[in-house]
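For reference, the structure is listed below as structure tokens.
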Amino acid sequence: MRTFQRVVASLCVAGCLILAAAGAGRAINQAAPARITIRADRALGPVSPQLFGQTASTGTNTAPPYIAMYGQLGIGLLAAPGGQEGDASDLSPEQVDDLAALAGTLNAPVALRPQLGRAGAPEKAANLVRYANIERGYGFRTWEIGNEPDRDPAADVDGYNIQFRDFTLAMKAVDPSIKVAGPAVGDDWMTWLPAFIATNGDIADVLSWRWVPPAGELTEAQLLATPPQIERQVQIIREWWRTPRSNPKAHLQPVPPLFLSAYAASRDTGAQSPLGNEAGALWAAEVVGRLANLGVEMASYPALQGAGWLGLIGDGLTPRPAYGVFRLYSQWGQTQLAAESPDAALLPAFASRRADGALAVLMLNKDPQQARPIELAFTGFAAAGQAEVWQQDAAHPAGQKLEALRFTEILAAALPPYSATLFIIPAAQPVVWPLWVGLFLGVATAFAIIMELEERRANRELGTLRDHVRDVTDSR
């Protein structure tokens, strides 16, 4: 019997050790939450609404259902036309009118691109300005000259710089209030932009360029590692402007607005990957967040609708993943804040303060397979209560509002694989009952003091009256 008991005891101990080891294994394998710190006490600068721009071609669908979907994106700038369309043909008055109508419906300013190709001419560009702004009164303020001229075998940087000056002078002779952008250069920006600044720094109102990484040569993981490159581009361009050697004509002037007038995860509009999948959407989301951190004033995604997989909306009102990302950004704030992530390569974070005082925090999870637990902490901001949650992922391609998340001080959440999650966090309401208690005690104290003073006054008057009666009595 004792032998049986010893065997059972041994089995129990072994079982407990196995369970403990299994539990320890689960604890080891379960990733600890990443602590993301939102620095509400460190503002990076204002957020320009024109950072959230989109590009419309002359064939953009303007049927009411599409207009309704565009309206959910908070479009801050409408650039047109897209791609090579502007260099291939002149814009007709009807096309300009249609663009103005779309921009009016979306309440978005316009950046227009007159034809620059072989058939382009300063006189044509000036006539386009005259029709749009003088005859029709549309007030288009930004005019971009060119569409990646570095990709045109017939173009060269010196010839473009001459064209830009001729176009600018002719267009501003019609409407001096317009802002002219260039050189709208693509891959060879390191050659074209410094030459452009050196030649046209005195008349350029906006510096524009494009960026599309060679996605066909990259894996998704490699593509998602490229967004930090935009920071280097912005820093270099601003430094070129400030340096007398590279900008002899205008280096003492403030750096003009920067305009990333086209950016996308790939040029291959016929391939769903990466333009039409989650990787392309996350790439665009991080690029926009980094541009906001840098204070870049203007940007436009290449296609609002159509243009193969590049369009945010496909045929049949089908929203692409990038559509959901821009829907999340439509709720962004006016002041960019610092956000610190311990794993910025995999879990980049961006934050802003909104006009209503709430914080908008965008978290990306670039892990394609695993959900990632996070904790949001805040400095310079009293956060508590209930956070609004919006998410874009494979289950919510168009971006969807989820169930609100209650928390106190630290917000804990799990980010799905390949996802963008927006948290809108209201400021904690101040505790008002101590104020009421203090007010009540103050009033009660004041009342007691008044009553005490009144009682003393009454006692003095009574004492005076008694003395008077006593004096009268004694005199008799």
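Every number in this text was worked out from the coordinates using simple rules, so none of it is lab data. Because the structure is a prediction, the values reported are computed rather than measured. Positions of Cβ are generated from backbone atoms using ideal geometry, with glycine treated the same way; all protein chains shown enter the neighbour counts.
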Fill in: R42/S89 FRET efficiency (R0 41 Å; Cβ-Cβ; nearest 0.05)
0.25
Worksheet item: Counting every Cα pair in the range 286-386, what percent are over 19 Å apart?
Response: 54 percent
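What is the calculated FRET efficiency for Q369 to A198, with r their C-beta to C-beta distance and R₀ = 60 Å, to the nearest 0.05?
Approximately 0.80, to the nearest 0.05.
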Worksheet item: Counting only residues 5 or more places away or on other chains, whose amide H sits under 5 Å from the amide H of V47 once H atoms are built in the peptide plane?
Response: T335, Q336
Fill in: the range 322-378-the range 100-173 distance, computed between alpha-carbon centres (Å)
36 Å
Item to complete: List the lysines whose Cα lies under 24 Å from the Cα of K172, skipping any in the same chain that are fewer than 8 positions away.
Response: K124, K249
Discussion item. Give me a comma-separated list of calculated 3J(HN,Hα) values for the range 335-352, in order, Karplus coefficients 6.51, -1.76, 1.60 applied at θ = phi - 60°, integers in Hz, x for any Gly or Pro.
Written reply: 10, 7, 10, 6, 9, 10, 10, x, 9, 5, 6, 9, 10, x, 10, 9, 8, 8
Worksheet entry | Protection proxy ranking, peptides 272-284, 161-173, 196-208, 243-255, average beta carbon neighbours within 10 Å, highest first | 272-284, 196-208, 161-173, 243-255
Discussion item. No solvent, one uniform scatterer per C-alpha: report log10 I(q)/I(0) for the range 187-312 via the Debye equation at q = 0.13, 0.14 1/Å, two decimals.
Written reply: -0.56, -0.64
Worksheet item: If the cut-off is a Cα-Cα distance under 29 Å, which lysines reach K366, setting aside same-chain residues fewer than 8 apart in sequence?
Response: K401
Worksheet item: What net charge do the residues around T335 carry, taking every other residue with its C-beta under 10 Å from that of T335, with Lys and Arg at +1 and Asp and Glu at -1?
Response: +2
Worksheet item: Can you give the net charge of the other residues whose Cβ lies under 12 Å from the Cβ of A398, counting K and R as +1 and D and E as -1?
Response: +2
Response to the item:
Taking Cα pairs closer than 8 Å and at least 6 residues apart, the relative contact order of the chain in percent is 17 percent
Practice prompt. Quickly rank 70-76, 358-364 as a protection proxy: mean count of other C-beta atoms within 10 Å, highest first.
Written response: 358-364, 70-76
Item to complete: Please turn the phi angles of the range 372-385 into ³J(HN,Hα) values with the Karplus equation 6.51 cos²θ - 1.76 cosθ + 1.60 (θ = phi - 60°), one per residue in order, whole Hz, x for glycine and proline.
Response: 10, x, 9, 10, 9, 10, 9, 10, x, 7, 8, 10, 6, x
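How would you classify the range 94-144 from its alpha-carbon gyration tensor, with a ≥ b ≥ c the square roots of the eigenvalues: rounded for a/c under 1.5, else prolate if a/b is greater than b/c, otherwise oblate?
prolate
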Practice prompt. With runs of 4+ DSSP H residues as the only contributors, calculate the mean residue ellipticity of the chain at 222 nm using -39,500 (n - 2.57) per run, divided by the residue total and rounded to the nearest 500.
Written response: -12000 deg cm²/dmol
Worksheet item: In whole angstrom, how far apart do the alpha carbon centroids of the range 251-279 and the range 34-72 sit?
Response: 14 Å
Fill in: Percent of alpha-carbon pairs separated by more than 36 Å within the range 48-331
10 percent
Discussion item. Students often check this: by mean Cβ neighbours within 10 Å, which of 57-68, 380-391 ranks highest, and how do the rest follow?
Written reply: 380-391, 57-68
Practice prompt. At 0.36 nm per residue, minus the direct Cα-Cα distance, what do D315 and Q429 gain on full extension? Give it in nm, one decimal, please.
Written response: 36.5 nm
Discussion item. Can you match Rg and Dmax of the Cα atoms in Å to one of these, [x] 27.6, 88; [y] 26.5, 107; [z] 32.7, 131, based on a calculation from the structure here?
Written reply: [z]
Worksheet item: Which whole DSSP H helices in the chain pass both tests: a Cα extent of 27 Å or more along the axis and a mean Kyte-Doolittle value no lower than 0.5?
Response: 2-29
Practice prompt. Just the ratio, please: alpha-carbon radius of gyration of the range 132-198 over 2.2 N^0.38 Å, N its number of residues.
Written response: 1.21
Item to complete: Name the residues whose placed amide hydrogens come within less than 5 Å of the amide hydrogen of G314, ignoring near sequence neighbours (fewer than 5 apart) on the same chain.
Response: R320
